[in-house]
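Here is the structure we will look at.
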Amino acid sequence: MLTESGDIADIGVTMTELLADGTLIERAKKALAAGTTIPATEAAIEAPVPRPPKALAIGLNYRDHAEESGQPIPQRPVVFAKMPTCIVGPDHPIYIPRVSRAVDWEAELCFVIGKTARYVKADDADEYIAGYCIGNDVSVRDWQFHSPTWMMGKSFDTHGPIGPWLVTPDEVDVGNLDVRLWVNGELKQGSNTDQLIFGIGEIVEYLSAGFTLEPGDVVFTGTPAGVGGARKPP
(Lines give C-alpha, C1' and ligand atoms only; values in the text may rest on other atoms or scores of the structure.)
Protein backbone atom coordinates (compact mmCIF):
# COMPACT_ATOMS: atom_id res chain seq x y z
CA MET A 1 0.00 0.00 0.00
CA LEU A 2 1.00 3.64 -0.27
CA THR A 3 1.74 6.16 2.48
CA GLU A 4 0.83 9.84 2.25
CA SER A 5 4.40 10.58 1.14
CA GLY A 6 4.06 8.17 -1.75
CA ASP A 7 6.33 5.52 -0.28
CA ILE A 8 5.28 1.93 -0.53
CA ALA A 9 4.46 0.58 2.92
CA ASP A 10 1.87 -1.46 4.72
CA ILE A 11 -0.39 1.10 6.39
CA GLY A 12 -3.31 -1.22 6.97
CA VAL A 13 -5.49 0.30 4.26
CA THR A 14 -7.10 -2.11 1.83
CA MET A 15 -7.52 -1.55 -1.89
CA THR A 16 -11.27 -1.45 -1.33
CA GLU A 17 -10.85 1.42 1.13
CA LEU A 18 -8.59 3.29 -1.30
CA LEU A 19 -11.18 2.89 -4.04
CA ALA A 20 -14.00 4.01 -1.74
CA ASP A 21 -12.27 7.19 -0.56
CA GLY A 22 -11.13 8.15 -4.03
CA THR A 23 -7.41 8.44 -3.19
CA LEU A 24 -6.03 5.52 -5.19
CA ILE A 25 -4.98 7.43 -8.32
CA GLU A 26 -3.55 10.34 -6.33
CA ARG A 27 -1.50 8.03 -4.12
CA ALA A 28 -0.30 6.01 -7.09
CA LYS A 29 0.92 9.17 -8.81
CA LYS A 30 2.81 10.18 -5.66
CA ALA A 31 4.41 6.75 -5.50
CA LEU A 32 5.52 6.99 -9.13
CA ALA A 33 7.02 10.44 -8.53
CA ALA A 34 8.74 9.89 -5.20
CA GLY A 35 8.25 6.36 -3.99
CA THR A 36 10.68 3.50 -3.57
CA THR A 37 11.19 1.30 -6.61
CA ILE A 38 11.19 -2.47 -6.08
CA PRO A 39 12.07 -4.88 -8.92
CA ALA A 40 9.07 -6.99 -9.87
CA THR A 41 11.23 -10.10 -9.49
CA GLU A 42 11.61 -9.30 -5.78
CA ALA A 43 7.94 -8.60 -5.15
CA ALA A 44 5.01 -10.90 -4.48
CA ILE A 45 2.30 -9.68 -6.86
CA GLU A 46 -1.07 -10.06 -5.18
CA ALA A 47 -4.55 -9.66 -6.66
CA PRO A 48 -5.38 -6.00 -7.38
CA VAL A 49 -8.36 -6.46 -5.04
CA PRO A 50 -7.40 -9.32 -2.70
CA ARG A 51 -10.82 -9.76 -1.06
CA PRO A 52 -13.54 -8.02 -3.06
CA PRO A 53 -16.92 -7.35 -1.41
CA LYS A 54 -18.54 -9.24 -4.28
CA ALA A 55 -17.15 -11.39 -7.08
CA LEU A 56 -19.66 -11.69 -9.92
CA ALA A 57 -19.46 -13.27 -13.34
CA ILE A 58 -21.34 -13.40 -16.62
CA GLY A 59 -21.82 -16.75 -18.34
CA LEU A 60 -22.09 -17.45 -22.08
CA ASN A 61 -21.20 -13.86 -22.93
CA TYR A 62 -19.09 -14.49 -26.05
CA ARG A 63 -20.80 -15.47 -29.27
CA ASP A 64 -18.07 -17.96 -30.16
CA HIS A 65 -18.26 -19.60 -26.71
CA ALA A 66 -22.06 -19.91 -26.85
CA GLU A 67 -21.70 -21.58 -30.24
CA GLU A 68 -19.04 -24.08 -29.09
CA SER A 69 -21.20 -24.90 -26.03
CA GLY A 70 -24.25 -25.54 -28.21
CA GLN A 71 -26.22 -22.90 -26.31
CA PRO A 72 -28.54 -20.23 -27.75
CA ILE A 73 -27.47 -16.60 -27.52
CA PRO A 74 -28.76 -15.36 -24.13
CA GLN A 75 -31.50 -12.72 -24.16
CA ARG A 76 -30.16 -11.13 -20.98
CA PRO A 77 -26.92 -11.48 -18.98
CA VAL A 78 -26.43 -14.86 -17.30
CA VAL A 79 -25.22 -13.82 -13.85
CA PHE A 80 -23.63 -16.02 -11.21
CA ALA A 81 -21.53 -15.46 -8.10
CA LYS A 82 -18.01 -16.54 -7.28
CA MET A 83 -17.14 -16.51 -3.59
CA PRO A 84 -14.64 -13.73 -2.76
CA THR A 85 -12.37 -16.31 -1.11
CA CYS A 86 -11.58 -17.73 -4.57
CA ILE A 87 -9.68 -14.57 -5.55
CA VAL A 88 -5.87 -14.85 -5.64
CA GLY A 89 -2.98 -13.12 -7.37
CA PRO A 90 -1.86 -13.91 -10.92
CA ASP A 91 1.08 -16.13 -9.95
CA HIS A 92 -0.63 -17.99 -7.13
CA PRO A 93 -1.00 -21.76 -7.63
CA ILE A 94 -4.43 -22.98 -8.71
CA TYR A 95 -5.23 -25.99 -6.58
CA ILE A 96 -6.84 -29.14 -7.95
CA PRO A 97 -9.61 -29.97 -5.45
CA ARG A 98 -9.81 -33.27 -3.63
CA VAL A 99 -13.34 -33.91 -4.91
CA SER A 100 -12.84 -33.50 -8.66
CA ARG A 101 -10.34 -33.53 -11.50
CA ALA A 102 -12.66 -31.76 -13.99
CA VAL A 103 -10.88 -28.42 -13.65
CA ASP A 104 -11.13 -26.07 -16.64
CA TRP A 105 -9.78 -22.68 -17.70
CA GLU A 106 -11.69 -19.54 -18.71
CA ALA A 107 -9.69 -16.42 -19.58
CA GLU A 108 -11.76 -13.28 -19.03
CA LEU A 109 -11.68 -9.51 -18.99
CA CYS A 110 -12.62 -8.29 -15.51
CA PHE A 111 -13.61 -4.87 -14.25
CA VAL A 112 -13.49 -3.40 -10.75
CA ILE A 113 -16.11 -1.02 -9.43
CA GLY A 114 -14.69 2.29 -8.22
CA LYS A 115 -17.70 3.95 -6.59
CA THR A 116 -21.15 3.00 -5.36
CA ALA A 117 -23.42 2.22 -8.31
CA ARG A 118 -27.20 1.82 -8.33
CA TYR A 119 -29.53 2.22 -11.32
CA VAL A 120 -26.64 3.19 -13.59
CA LYS A 121 -27.35 3.66 -17.30
CA ALA A 122 -25.08 1.85 -19.73
CA ASP A 123 -23.76 5.10 -21.20
CA ASP A 124 -22.64 6.25 -17.74
CA ALA A 125 -20.93 3.01 -16.67
CA ASP A 126 -17.38 4.31 -17.20
CA GLU A 127 -17.86 6.76 -14.33
CA TYR A 128 -18.24 3.83 -11.91
CA ILE A 129 -15.38 1.60 -13.07
CA ALA A 130 -12.01 1.95 -11.35
CA GLY A 131 -10.16 -0.21 -13.84
CA TYR A 132 -9.78 -3.43 -15.77
CA CYS A 133 -7.68 -6.55 -15.33
CA ILE A 134 -7.46 -10.06 -16.70
CA GLY A 135 -8.83 -13.03 -14.77
CA ASN A 136 -9.32 -16.77 -14.99
CA ASP A 137 -12.77 -18.04 -14.06
CA VAL A 138 -11.43 -21.47 -13.14
CA SER A 139 -14.33 -23.93 -13.28
CA VAL A 140 -14.85 -27.35 -11.74
CA ARG A 141 -17.15 -28.65 -14.47
CA ASP A 142 -18.90 -31.52 -12.71
CA TRP A 143 -19.56 -29.43 -9.59
CA GLN A 144 -20.63 -26.49 -11.77
CA PHE A 145 -23.64 -28.47 -12.91
CA HIS A 146 -24.65 -29.76 -9.50
CA SER A 147 -27.21 -26.94 -9.58
CA PRO A 148 -28.47 -24.38 -12.13
CA THR A 149 -26.72 -21.54 -10.27
CA TRP A 150 -23.21 -22.86 -11.19
CA MET A 151 -21.84 -21.28 -8.01
CA MET A 152 -20.28 -24.34 -6.37
CA GLY A 153 -18.24 -25.20 -9.44
CA LYS A 154 -17.05 -21.61 -9.81
CA SER A 155 -16.02 -20.80 -6.24
CA PHE A 156 -13.34 -23.26 -5.13
CA ASP A 157 -10.44 -21.68 -3.27
CA THR A 158 -7.77 -20.23 -5.63
CA HIS A 159 -10.15 -20.51 -8.61
CA GLY A 160 -10.33 -16.78 -9.29
CA PRO A 161 -6.85 -15.45 -10.12
CA ILE A 162 -6.84 -11.83 -11.30
CA GLY A 163 -4.17 -9.26 -12.16
CA PRO A 164 -1.37 -8.43 -12.15
CA TRP A 165 -2.39 -4.89 -13.08
CA LEU A 166 -5.48 -2.73 -12.62
CA VAL A 167 -5.61 -0.58 -15.76
CA THR A 168 -7.65 2.63 -15.70
CA PRO A 169 -10.50 2.95 -18.24
CA ASP A 170 -8.79 5.76 -20.18
CA GLU A 171 -5.96 3.39 -21.13
CA VAL A 172 -7.95 0.68 -22.92
CA ASP A 173 -10.56 0.21 -25.62
CA VAL A 174 -12.64 -2.44 -23.91
CA GLY A 175 -14.57 -3.13 -27.10
CA ASN A 176 -11.42 -4.26 -28.90
CA LEU A 177 -9.15 -6.25 -26.58
CA ASP A 178 -7.56 -9.59 -27.37
CA VAL A 179 -8.28 -12.31 -24.83
CA ARG A 180 -5.82 -15.23 -24.94
CA LEU A 181 -4.91 -18.15 -22.71
CA TRP A 182 -2.08 -20.66 -22.93
CA VAL A 183 -1.74 -24.03 -21.21
CA ASN A 184 1.81 -25.33 -21.00
CA GLY A 185 2.82 -22.96 -23.79
CA GLU A 186 0.00 -24.02 -26.13
CA LEU A 187 -2.57 -21.39 -27.13
CA LYS A 188 -6.01 -22.63 -26.10
CA GLN A 189 -8.14 -19.48 -26.26
CA GLY A 190 -7.73 -16.60 -28.69
CA SER A 191 -10.56 -14.15 -29.25
CA ASN A 192 -11.48 -10.49 -28.86
CA THR A 193 -13.93 -8.52 -26.74
CA ASP A 194 -15.73 -7.57 -29.97
CA GLN A 195 -17.34 -11.01 -29.51
CA LEU A 196 -19.05 -9.92 -26.26
CA ILE A 197 -22.81 -10.32 -26.37
CA PHE A 198 -23.38 -7.85 -23.52
CA GLY A 199 -20.86 -5.03 -23.27
CA ILE A 200 -19.48 -3.52 -20.09
CA GLY A 201 -22.11 -0.78 -19.94
CA GLU A 202 -24.96 -3.24 -20.39
CA ILE A 203 -23.57 -5.44 -17.63
CA VAL A 204 -23.27 -2.53 -15.18
CA GLU A 205 -26.79 -1.34 -16.00
CA TYR A 206 -28.25 -4.82 -15.56
CA LEU A 207 -26.46 -5.63 -12.29
CA SER A 208 -27.07 -2.22 -10.71
CA ALA A 209 -30.78 -2.45 -11.47
CA GLY A 210 -30.96 -5.34 -9.02
CA PHE A 211 -28.49 -4.49 -6.28
CA THR A 212 -25.87 -1.96 -5.26
CA LEU A 213 -22.40 -2.36 -6.73
CA GLU A 214 -19.73 -1.29 -4.25
CA PRO A 215 -16.12 -0.10 -4.54
CA GLY A 216 -13.90 -3.14 -4.96
CA ASP A 217 -16.53 -5.43 -6.49
CA VAL A 218 -14.95 -7.56 -9.23
CA VAL A 219 -16.95 -8.63 -12.29
CA PHE A 220 -15.75 -11.36 -14.67
CA THR A 221 -17.30 -10.54 -18.05
CA GLY A 222 -17.33 -13.95 -19.72
CA THR A 223 -14.95 -16.23 -21.60
CA PRO A 224 -14.46 -16.82 -25.34
CA ALA A 225 -14.29 -20.10 -27.22
CA GLY A 226 -11.59 -22.65 -26.47
CA VAL A 227 -12.45 -23.97 -23.02
CA GLY A 228 -11.35 -27.49 -22.23
CA GLY A 229 -14.81 -28.83 -21.54
CA ALA A 230 -15.98 -28.07 -25.09
CA ARG A 231 -13.11 -29.96 -26.73
CA LYS A 232 -13.45 -33.46 -28.20
CA PRO A 233 -12.52 -35.22 -25.99
CA PRO A 234 -12.91 -32.76 -23.11
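The values are calculated or read from the model by the stated rules, or taken from the named source; none is laboratory data. Quick caveat, the model's predicted, so the values are computed rather than measured. Backbone-built Cβ (ideal geometry, glycine too); neighbour counts: all protein chains shown. In case anyone asks, the SASA skips ligands and DNA or RNA and just uses the protein heavy atoms, side chains included. Shrake-Rupley method; radii C 1.70, N 1.55, O 1.52, S 1.80 Å.
Between residue 63 and residue 100, how many nm apart are label points set 7 Å from Cα along the C-beta direction?
3.0 nm
Counting only Cα, what are the radius of gyration and maximum Cα-Cα distance Dmax of region 52-191, in Å?
15.4, 44
Provide the FRET efficiency to the nearest 0.05 for the residue 141-residue 73 pair, computing r from the beta carbons and using R0 = 30 Å.
0.90
At 1.4 Å probe size, with no ligands or nucleic acids counted, give the accessible surface of residue 65 in Å², nearest ten.
It works out to around 20 Å².
Could you please state how large a percent of the accessible area of the chain is carbon and sulfur, counting protein chains only and using a 1.4 Å probe?
For the chain, the apolar C and S fraction of the accessible surface comes to 54 percent.
Kindly give the semi-axes, whole Å and largest first, of the ellipsoid equivalent to region 114-173, taking each as the square root of 5 times a Cα gyration tensor eigenvalue.
So the equivalent ellipsoid measures 29, 17, 9 Å along its semi-axes.
Sticking with the crude label model, points 7 Å out along Cα→Cβ, report the distance from residue 206 to residue 176 in nm, one decimal please.
2.5 nm
Taking a label point 7 Å from the Cα of residue 45 along the Cα→Cβ vector, which residues of region 159-190 have an amide N closer than 13 Å to it?
162-167
Whenever you get a sec, line up 62, 128, 95, 119 from highest to lowest accessible area (probe 1.4 Å, protein heavy atoms).
Sorted by accessible area, descending: 119, 95, 128, 62.
Under a straight-distance cross-link criterion of Cα-Cα below 17 Å, which lysines are reachable from residue 188, leaving out those fewer than 8 residues away in the same chain?
232
Ranked highest first by average number of other Cβ atoms within 10 Å, how do 186-192, 130-136, 145-151, 17-23 line up?
130-136, 17-23, 186-192, 145-151
Can you return the lysines within cross-link range of residue 115? Criterion is Cα-Cα under 27 Å, with same-chain partners fewer than 8 residues away left out.
29, 30, 54, 82, 154
How high is the FRET efficiency from residue 38 to residue 14, r the C-beta distance, R0 25 Å, rounded to 0.05?
That pair, residue 38 with residue 14, gives E of 0.80.
Can you check how the C-alpha radius of gyration of the chain compares to 2.2 N^0.38 Å, as a plain ratio?
1.02
Enter the accessible area per residue of the chain (Å², integer; probe 1.4 Å; all protein chains in place).
Roughly 52 Å² per residue, with all protein chains present.
Run the numbers on the chain and let me know its relative contact order in percent, using alpha-carbon pairs under 8 Å that are six or more apart.
So the answer I get is 28 percent.
Evaluate E = 1/(1 + (r/R0)^6) for residue 194 and residue 115, where r is the Cβ-Cβ distance and R0 equals 22 Å; express this FRET efficiency to the nearest 0.05.
0.20
Ignoring everything except DSSP H segments at least 4 long, calculate the 222 nm mean residue ellipticity for the chain; use -39,500 (n - 2.57) per segment, divide by total residues, nearest 500.
-4500 deg cm²/dmol
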